[in-house]
Amino acid sequence: MTATTGVLTTATPPPVAPAGQHHGLAIVLFAVIVLVTLGITLWVGRQGSAAEDFYAGGRDFTPLQNGFALSGDYLSAASFLGVAGLIALYGYDGVLYSIGFLVAWLVVLMLVAELVRNAGRYTLADVLALRLRRRRVRAAAGGASVVVTLLYLVAQMVGAGSLVALLLGTNSAQARTWTIIAVGALMIVYVTIGGMRATTWIQIVKAFLLIAGSVLLTVLLVLRFHGDLFELMRQAARHSGAGQRYLEPGLKYGATFTSRLDFFSLGLALVLGTAGLPHILSRFYTVPTARAARRSTMWAIGLVGGFYLMAIALGLGATALVGSAEVRHANAAGNTAVPLLALVLGGGNGSTGGVVLFALISAIAFATILAVVAGLTLASSAAFAHDIWAGAWRNRPGRRGTERTAEKPSEQQEVVVARFAAGGIGAAAIVISLYAQQLNVAFLVGLAFAVAASSNLPVLLYSLFWSRFTARGAVWSVYGGLVPAIVLVFFSPVVSGSKVALFPGVDFHWFPLENPGIVSIPLGFLAGWIGTLTSPEPADPDRFAELEVRALTGAGAA
C-alpha cells in the first residue's frame with residue numbers, strides 16, 4: 001500500500017477467486033436465493049389463476065413496485081457484470097457503451113409507456129390489433145416477439161452456465177451444463193406456477209439486492225479512496241496497462257472507420273431496441289393506469305441511472321485495485337471484475353470478509369440471471385399463447401371466409417396453453433443453450449436489441465402515430481426488419497472470418513459490421529412505409545381514431 005492513498009499498488013499480490021471450501025459459501029447463498037424465489041412463487045401462485053393474473057399480475061402493482069420490477073427485468077447479468085467489466089478493461093469506451101442502455105429509457109418514457117398501457121392489454125400485438133384486426137398481423141408480431149425473447153433467453157442461460165461455473169471455481173463443461181439445466185427448470189417453475197405476479201415479485205427482490213449490493217461496494221470503494229474520485233481515476237489509469245489512453249476515447253472503439261460505424265450501429269440498436277423488447281412492454285400492463293406506467297418508467301430511469309453511475313465507479317475500482325491484466329486473466333470479457341473487486345474490498349485473499357463479499361456478489365449475480373430469464377420466458381409464452389395460438393391460429397377464417405368467433409378460445413384456455421408454452425420454450429432454450437455453450441454468444445444480446453428495434457419498434461410507432469398505416473404495412477415492417485437483422489448477422493464477422501467467430505475455421509462473411517442495426521432498423525421502417533403505400537386496402541380512419549382516443553385518454557383501456 002502507498003502511504004498517501006492507502007490503496008493497493010501493483011506490488012500487492014493480485015486477488016484471485018476464492019478456491020476450495022470457500023466456494024461452499026457461494027453455493028449456500030445460491031441455494032438460499034433459489035429457496036426464497038421458489039417460496040415467493042408458491043405463495044403468489046395461489047392468489048389467482050385468471051388470465052389477468054397470469055399475464056398482467058392483476059394490474060394492481062404500484063408505480064414504485066413496477067419501477068423496481070422494470071429495472072429488475074432490464075438489468076441482466078450482462079449489465080451487472082459485463083458493463084463494469086468493459087469499463088475495467090477499456091475505460092472511457094466502456095462508459096460510452098453503457099450510455100445506450102440508459103438513454104433508451106428516455107425513448108420508452110416519451111413515446112411508448114403511457115400509449116402502450118392504454119392501447120394494449122397483454123402484449124405488443126394487442127396494440128396493433130386494436131386498429132389492424134388481421135390474423136397475419138398478430139402472427140407476425142407474436143412471432144417476432146418469440147424470436148427476440150428466445151435470442152435474449154439463450155444468451156442469458158449460456159452466460160449463466162459460464163458465469164456460475166467460473167464463480168464456483170470450475171471451468172468444466174459438466175458444471176456449465178447442469179447450471180443451464182437448473183436455471184431452465186427454475187424459470188419454467190416460476191412461470192407455470194406463479195405467472196406475472198410471481199415473476200414481478202422475484203424481479204423486485206432481485207432489483208433490491210442488486211441496488212443494495214452495488215451501493216455497498218460503491219461506498220466501500222469511495223471510503224477506500226477517502227472520497228477522492230480523481231485519485232480513483234488516476235490509479236485506474238496507472239493499473240490499466242494503457243496509461244492515460246484508458247481515460248480517453250478509442251481504446252476499444254474508434255480505431256478504424258468500420259469500428260466507429262459498428263459502435264454507432266450497436267448504440268442505435270441499444271437506444272431504440274428497449275422500446276421494442278416484449279418483456280419490457282408487458283410490464284406496463286401490470287399497473288392500473290397510464291399515469292402509473294409513466295411513473296413506473298420514471299422510477300426505472302432513476303434506478304437504472306443510479307446503477308450505471310455505480311457501475312462506472314466499480315469498473316474504475318476494479319482496474320485500480322485489481323488491475324486490467326488480472327481482470328482479463330480471470331475472464332477475457334471482464335465478467336468477474338465486480339466479484340474480484342468485492343474480494344479486495346472485503347479484505348483480500350484469505351480474509352473472511354473478502355470471501356463473504358465475493359460470495360454475496362456472486363449470489364446477487366445468480367439472482368439477476370433467475371429474474372431476467374423468468375421475465376423473458378413469461379413474455380415469450382404470452383406471445384405464443386395470446387397472439388399466435390389464440391389470436392391467429394384459432395381465429396383463422398372459416399369455410400365462408402368469416403372469422404370463427406364461436407370457436408374463439410376462452411382466456412382460461414389461453415392460460416393453460418401459455419403454461420405449456422412456457423415449458424416448451426424453456427425446454428427449447430435449454431437444448432439450444434446446451435449446444436451453444438461452447439460458442440461466442442455475446443452477439444445474441446445485441447442481436448435481440450437489433451431485432452426488437454428493427455421489427456417491433458417500427459410497427460409500434462407506425463401503428464400509434466401514422467393514420468394511413470395498413471395491415472400489409474405492419475406485416476412488411478415486422479419481417480422487413482426481422483429477416484435482414486438475422487441475415488446480416490449470419491454473414492457478419494461474428495459468425496465467420498475471425499478467430500473469435502462462431503465458426504472460426506471458415507470465412508463466408510461479406511457484411512463488415514458485427515451489429516446490423518444501422519441497416520436493419522431503417523429497413524424495418526422503409527418496409528412498413530412501402531407496404532402501406534402499396535396496400536390494396538386503405539387504412540380505416542375510424543379504427544385509428546379509436547386507437548388515438550384510447551391511447552391518449554385511456555377511455556376503454558383494460
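Tabulated data
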quantity: On Cα atoms only, tilt of 411-436 relative to the major axis of the chain in degrees; calculated: 40
quantity: FRET efficiency, 1/(1 + (r/R0)^6) with R0 51 Å, evaluated for Leu42 and Ser351 via beta carbons; calculated: 0.85
quantity: Order by protection proxy (mean Cβ within 10 Å, highest first), peptides 448-455, 131-138; calculated: 448-455, 131-138
quantity: Calculated [θ] (222 nm, deg cm²/dmol) that DSSP helices of n ≥ 4 give over the chain, each run adding -39,500 (n - 2.57); calculated: -21500 deg cm²/dmol
quantity: Selected from Leu261, Tyr246, Ile188, residue furthest toward positive end of dipole (the stretch 172-271; charges at beta carbon); calculated: Ile188
quantity: Percent accessible area from carbon and sulfur atoms, the stretch 166-252, protein chains only, probe 1.4 Å; calculated: 68
quantity: Packing-based ranking, highest mean first, of 153-162, 330-339, 518-527 given that Cβ atoms within 10 Å are counted; calculated: 153-162, 330-339, 518-527
quantity: Net +/- balance of residues flanking Val112 in space, Cβ distance below 13 Å, scoring K and R +1, D and E -1; calculated: +2
quantity: Rounded FRET efficiency, nearest 0.05, which uses the C-beta distance separating Arg543 from Ser498 and R0 of 41 Å; calculated: 0.25
quantity: Cα long-axis angle, helix 173-189 against the chain (0 to 90 degrees, to the nearest 10); calculated: 40
quantity: Qualifying lysines (Cα of each under 28 Å from Cα of Lys499; at least 8 residues distant if same chain); calculated: Lys252
quantity: Cβ crowding within 10 Å averaged over residues, with 465-473, 292-300 ranked highest first; calculated: 292-300, 465-473
quantity: Cut-off under 5 Å, modelled amide H: who pairs with Gly348 long-range; calculated: Gly354
quantity: Percentage, to the nearest whole number, of Cα pairs in the stretch 24-156 over 26 Å apart; calculated: 43
quantity: Inter-label distance, nm, simple model (7 Å from Cα along the C-beta direction), Glu248/Ala332; calculated: 2.8
quantity: For the stretch 442-558, the fraction of alpha-carbon pairs in successive 10 Å shells from zero, as %; calculated: 15, 34, 25, 16, 8, 2
quantity: Spin-label pair Val222/Leu533, simplified geometry with 7 Å Cα→Cβ offset, distance in nm; calculated: 5.5
quantity: Added length on full extension, which subtracts the Cα-Cα distance from 0.36 nm per residue, Leu309 to Phe490; calculated: 61.7 nm
quantity: Spacing of the two label points (7 Å from each Cα toward its C-beta) at Val431 and Arg394, in nm; calculated: 2.4
quantity: Unit charges at the beta carbon, dipole of the stretch 219-351: most positive-side option, Leu223, Ala236, Ser282; calculated: Ser282
quantity: Nearest-20 debye value, the chain charge dipole, Cβ charges on Lys, Arg, Asp, Glu; calculated: 900
quantity: Helix 471-490 axis, angle to the chain major axis (alpha carbon atoms, nearest 10°); calculated: 30
quantity: Label assignment, Cα Rg over 2.2 N^0.38 Å derived from the structure, set [x] 1.10; [y] 1.22; [z] 0.97; calculated: [z]
quantity: Solvent exposure of the chain as accessible area per residue, Å², 1.4 Å probe; calculated: 39
quantity: Per principal axis, descending, Cα span of the stretch 231-284 in whole Å; calculated: 45, 30, 11
quantity: Whole-angstrom gap from the stretch 75-130 to the stretch 481-522, using each part's C-alpha centre; calculated: 23
quantity: Using a Förster distance of 56 Å, the FRET efficiency for Arg136-Gln174 (Cβ separation, nearest 0.05); calculated: 0.80
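The values are calculated or read from the model by the stated rules, or taken from the named source; none is laboratory data. Note that the structure is predicted; figures quoted are calculated from it, not measured. Quick reminder, even Gly has a Cβ in these numbers, built from the backbone with ideal geometry, and neighbours come from all protein chains shown. Just the protein is used for accessible areas: all its heavy atoms, side chains included, with ligands, DNA and RNA removed. Shrake-Rupley method; radii C 1.70, N 1.55, O 1.52, S 1.80 Å.
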